[in-house]
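A short worksheet on the structure shown next.
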Amino acid sequence: MLFYRHFWIAGFSVVLAVLENTSSDIVETPIFDTRAENVTVLAGETATLPCQVESLGKKYMVVWMSPKMILISNGDRRLMDDDRMSVERPYDPDWNLHIRKVRYDDRGMYRCTLNTNPVSVKAVHLRVDVAPDINEEWSSSNTVVNEGTTVELHCNASGVPTPNIRWYRKTKYTSATEKEPIGTPGEILFIHNISRYCDGIYECVASNGVAEDESKEIRVDVQFKPEVRLLTKRMGHYLGKETILSCVISASPQAEVFWRKGDKKLVTEYGKYRSDVFHDRPHTLTLNLQIYNLQKEDFGNYTCEASNKLGGDTENMLLYEYPVRRAEVPTSTLPPGKANIRGGSGAGPVEMEWNGANSYFGFPVLLRTLVWTLCIAVYNLSSFT
């Protein structure tokens, strides 16, 4: 009886062990979400590749593999020599792969595998977007061109997706923040037969919708030979007065400018000449020549001259003398004591003449006496004070 008793006890123990193992196998069957997923991240940021396994048990292991089929991790232990990668488990079912400071080369299909029979695989496709970046070496820099030539401006940009490039122009005559779209989108901007009015700052803007736009400014300076313009080509003035001759000069680069009379170059000379330059707009200035105490020899032809490395230009102005009108006492048929008034047409001062037997130098004797009396009174008053 004792033998049978021990036999049944041993048999019952084996059955319990089998049932326990069977129950354990059923409970520990993993629940693995194998649905494929796509993850998109911007280069430089952190990518999180999801993988969840419930009821993993002790006999199964989660393994991550790279797009090149290289083992990244076994469980939560990293095998790849890349400290940017790690397996993070914020919750018990999570076996997420983190890639910090993602590079464009990290893109591709990653696989989270479970050693079931057959092997279970979850595919996670990593897409890496790259912000627009303008390549300075392959893009145009500030340039100087001659008027009338054709200009090509290049803007080489990279990024994922491929950036769209637009062109803008900031003129020298507007505010720094104001710009206008120009040309058609693309890496190259053509400017045919460029003129002085096309100079300024050109800006290319690269955008692909995944990050902030990237921009580059290119300054274009257009050079041209001087052009001289006169406000008037004839000017009259009185002897002994002073006058100003003016000319407007446009040039790029800045021209050497001066006035001359004959072969003599007129520069600032104390008491006689003064030369002043006023900058009006980009590439444009006004040159004034002030002449003091006009004398006979100052009248004649003057030349405004400008020159730079591309050429020169001149314009001539005539300065002539106004005739002096003197007072005359013409013979009058008016009765004595009557006034004869002439002029008043705007060409000169009004002349008043007095005629009569009692006049002296065109003035009546009585009026002359009153003037002398007034002069003596003023003199005595000044002497007293």
Charge context of residue 153, other residues only, Cβ under 12 angstrom, K/R +1, D/E -1
-1
According to a simple spin-label model (label point 7 Å from Cα along Cα-to-Cβ), what is the distance in nm between residue 61 and residue 195?
7.8 nm
Could you look at segment 144-233 and say what percent of its accessible area is carbon and sulfur, using a 1.4 Å probe and all protein chains?
48 percent
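Please give the length that would be gained between residue 54 and residue 71 if that part of the chain were fully extended, namely 0.36 nm times their separation in residues minus their C-alpha to C-alpha distance (nm, one decimal). Show your work: numbers first, answer last.
On the way: separation 17, 0.36 × 17 = 6.12 nm, distance 2.20 nm.
Using 0.36 nm per residue and subtracting the Cα-Cα distance, I get 3.9 nm.
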First select every other residue whose beta carbon is under 15 angstrom from the beta carbon of residue 268; then total the charges, Lys and Arg +1, Asp and Glu -1.
+3
Label point distance in nm, residue 133-residue 150, each placed 7 Å from Cα along Cα→Cβ
3.3 nm
Please list log₁₀ I(q)/I(0) at q = 0.10, 0.16, 0.17, 0.19 Å⁻¹ for segment 194-292, using the Debye equation with identical point scatterers on the alpha-carbon positions.
-0.46, -0.80, -0.86, -0.99
Cβ-defined net charge surrounding residue 300, 14 Å radius [Lys, Arg +1; Asp, Glu -1]
+2
Just how many % of Cα pairs in segment 64-112 lie over 14 Å apart, if you round to the nearest whole percent?
49 percent
When the Karplus curve 6.51 cos²θ - 1.76 cosθ + 1.60 is applied with θ = phi - 60°, which whole-Hz ³J(HN,Hα) does each residue of segment 75-90 get, with x for Gly and Pro?
x, 9, 9, 6, 9, 6, 7, 8, 6, 6, 9, 7, 9, 10, 10, x
Extension reserve of the residue 119-residue 164 stretch, reckoned as 0.36 nm per residue once the Cα distance is removed
11.8 nm
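The values are calculated or read from the model by the stated rules, or taken from the named source; none is laboratory data. Every value quoted in this text rests on a predicted model; they were computed, and no experiment measured them. As a convention, Cβ positions derive from the backbone with ideal geometry for all residues, glycine included, and neighbour counts pool all protein chains shown. Just so you know, the surface numbers come from the protein's heavy atoms only, side chains and all, with ligands and any DNA or RNA stripped out. Shrake-Rupley method; radii C 1.70, N 1.55, O 1.52, S 1.80 Å.
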